[in-house]
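What follows is one structure encoded as structure tokens, with my remarks underneath.
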Amino acid sequence: MTEHLPVLQVVVPLLAAPVAALIRWKRGAWLLTLLTTWAVLAMAIGLLREVLDHGTVSYALGGWSAPFGIEYRVDLVSAYVLLVVAAIGAVVTPYARASVEREVDPGRVPLFYSAFLLCLTGLLGITVTGDVFNLFVFLEISSLAAYGLIAMGPDRRALHAAYKYLIMGSIGATFIVIGIGMMYVMTGSLNMVDLAERLPEISSRTESVAFAFLTVGISLKLALFPLHLWLPDAYTYAPSTATIFLASTATKVAVYMLVRFFFTIFGLTFSFETMTLHWVLTPLAILGVLSASLTAIYQQNIKRLLAYSSVAQIGYMILGISLATLTGLTAGLLHLFNHALMKAVLFMAMGAVMHQVGAVRIEAMRGLGRKMPWTMAAFVAGGLSIIGVPLTVGFISKWYLVLGAVEQGMWLVAFLVLLGSLLALVYIWKVVETAYFKEYIGDLSIREAPLSLLVPMWVLVLANVYFGVDASLTAGVANRAAEILLGLAP
Amino acid sequence: MRILGLYNYWVFIFLMMVGFYILISRRNLVKKILGLNIFQTSVFIFYISMGKIVGGTPPILLEGQEEVLYSNPLPHVLILTAIVVGVATTAVGLAIVVRIKEAYGSIEGDEITAMDNETPF
């Protein structure tokens, strides 16, 4: 049983998805999704423990051994991202029932869960697979499901947002296939480990072109500034559950892909010495942090504000990765986990406001701190984490990031990271001020959100504080994962 | 001669640029999807070209003919998968366009953006 975990991780949600669509019974589809996501989480924890105890797990799909067959390969980096995706999936599903019922057309609710499971399948598949073409297929499974999820939003603008995402996402995916095709032409292999061995023997321009196509394609998928234009609309108009899930997993998995291609397949020397990638990534990451944070300050819709904040946070992750040092890469990977926690809390709070009030514009927040104390308190906790206040996870990742920059003597970068935090303080304060220091003028019948929304939200708030106080688990795993990627450890 | 000999790769680049240009320049949502289709089709040609050898036969083992020059079937099989993905993308895209037409009464990107900006959210 345990040896089949890598493939079960993907097969279970893949099989549950059509069943959820066929059930046509809202509560049943939800229950099935709940069971599936919890099973997936249990498997992800099992895999992480297996990898921590016995090292990399390799699984030959259908018994065809690598590099001829498709290999599922779970090393510490995969297991870590897998845990992030599975954990967010498992926490979002209990939250989904009430929120989806409020925001999604009743006839489409089972289809929503079906698309949700497919999206989960795709994201999990990307993290476990050791085959680059298989990775592309999973990428498209998750993306197509995501377009469907976004299009189910309550506002008609969700459709336009989904359409724009579909166009941009498909361009990105097509660039990735071109890159993969070029790698296959050069090496005759699609297996990641095999590619990593064969690519250094080749020094042709095709390798640089493949690298460029992959970089642009993946950057589109992870919404790296200035390729982030699809993201704000998509996150604003999607149903709250979809926003929470996509904001905390989809872009993270794209960051994982980037790391896999740059470090595992092309290798540190080629990516950062031959192609001097840091000269592209570092400026874009910093520009992304500053411009997206500034834009966030002027937003009137809080979901859109948080979406721009996501673009800024992706900038931090890419900044860490572009340092290409142990501390920098640890910071990037750590922020991947931490940002999933904090952004999920913030979007969950906004989902609860949407559920009770029906709007998430700044005017709707007036005095809401007194009407919905638990929800707004969770928002404040998530906000503190985004700013990077000590005792929250945000502080831990900022600490490593600043440390990584200072280690390299990049004082300006370290300063700009702190400036980014200051800008985050401004946009979070804007909401907090409206919610706590303005008179409540809305409907008097508005009450606190139901427990099914509050419990998952507060579970994540506690996780934000727990991993902010005791970061030994997350930072330890992220550090070891970074060592593997840099080739310092097997 | 070398440049002419690679003509299928020139076709690949040409189609890719045509598709990409349509994607960027057109505002009509259906035309954009057509552009995306041409863009994706160019990649199919790229994959099919790279597996083909001059004079290569299909990779079928015949009795008494062990030394046959055959084309690499793997890129061709891979691209079957990519074609399915392309079809699915087109289907999802067109389904969204149908719903946009129902909701907005238009499929012109500019008009829809203008309508989006009218209503604050």
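The numbers here are math on the coordinates, done by the rules we state, and not lab data. Just so it is clear, the structure is predicted and the values come from calculations on it, not from any experiment. When we count neighbours, we look across all protein chains shown, and the Cβ atoms used for this are built from the backbone with ideal geometry, even at glycine.
Once C-alpha pairs closer than 8 Å and six or more residues apart are averaged by separation and normalised to the residue number of chain B, the relative contact order reads 24 percent. Could you work out the relative contact order of chain A? I mean the mean sequence separation of Cα pairs under 8 Å and 6+ apart, divided by the number of residues, in percent. Relative contact order of chain A: 14 percent. If you take all other residues with their beta carbon under 14 Å from the beta carbon of A:Ala352, and give Lys and Arg +1 and Asp and Glu -1, the sum is +2.
Given their separation in residues at 0.36 nm each and the Cα-Cα distance between them, A:Trp64 and A:Leu462 gain 138.9 nm when the chain is fully extended.
Charging the Cβ of each Asp and Glu at -1 and of each Lys and Arg at +1, and nothing else, the dipole of chain A about its Cα centre rounds to 1460 debye.
Hey, what did segment A:276-490 get for relative contact order, percent, Cα under 8 Å, at least 6 apart?
Numbers: 327 pairs, mean separation 60.4, N = 215.
Contact order relative to length: 28 percent.
Using helices alone, I'd like the mean residue ellipticity at 222 nm for the protein assembly as shown: each DSSP H run of four-plus residues gives -39500 (n - 2.57), total over residue count, nearest 500. Here the helix-only value at 222 nm equals -25000 deg cm²/dmol. Counting every other Cβ atom within 10 Å of each residue's Cβ, B:Ser49, A:Ser421, A:Ser310 order from fewest to most as B:Ser49, A:Ser421, A:Ser310.
Projecting the Cα positions of A:Trp399, A:Ser452, A:Leu334 onto the charge dipole of segment A:276-490 (unit charges on Cβ atoms of Lys, Arg, Asp and Glu, taken about the Cα centre) puts A:Ser452 furthest along the positive direction. Helix A:451-469 and the long axis of chain A differ in direction by around 50°, with both axes built from C-alpha atoms.
Extension gain A:Trp411-A:Ala42, at 0.36 nm per residue separation less the Cα-Cα distance, in nm?
Residue separation times 0.36 nm, minus the Cα-Cα distance, leaves 128.6 nm.
A Förster distance of 25 Å, applied to the separation of the beta-carbon atoms of A:Val455 and A:Val426, puts the FRET efficiency at 0.20. Using 0.36 nm per residue and subtracting the Cα-Cα separation, the extra length available between A:Arg361 and A:Arg205 on full extension is 51.1 nm. Considering only A:Ala115, A:Val51, A:Asn134, the residue lying farthest towards the positive end of the dipole of segment A:29-146 is A:Ala115, judged by Cα position with unit charges set on Cβ. Each residue in A:Asp53, A:Asp233 was given a count of other beta-carbon atoms within 10 angstrom of its own, and listing them fewest first yields A:Asp53, A:Asp233. Placing a pseudo-label 7 Å from each Cα along the Cα-to-Cβ vector at B:Ala114 and B:Asn72 gives an inter-label distance of 5.2 nm.
Assuming R0 = 56 Å, can you tell me the calculated FRET efficiency for the pair B:Tyr7 and A:Leu52, based on Cβ-Cβ distance, to the nearest 0.05? Efficiency, rounded to the nearest 0.05: 0.55. Once the Cα atoms are used to define both axes, helix A:5-23 deviates from the longest principal axis of chain A by about 40 degrees. Any idea what angle helix A:76-103 forms with the longest principal axis of chain A, computed on alpha-carbon atoms, 0 to 90 degrees, nearest 10? Orientation of helix A:76-103: about 30 degrees from the principal axis. Here A:Val109, A:Val10 are placed in order of increasing Cβ neighbour count within 10 Å, fewest first, which gives A:Val109, A:Val10. Across peptide B:12-23, the mean count of Cβ atoms from other chains lying within 10 Å of each residue's own Cβ comes to 1.
Counted without the sites themselves, the longest stretch of chain A free of GluC sites (Glu not before Pro) in a DSSP loop having at most 16 other beta carbon atoms within 10 Å is A:1-438.
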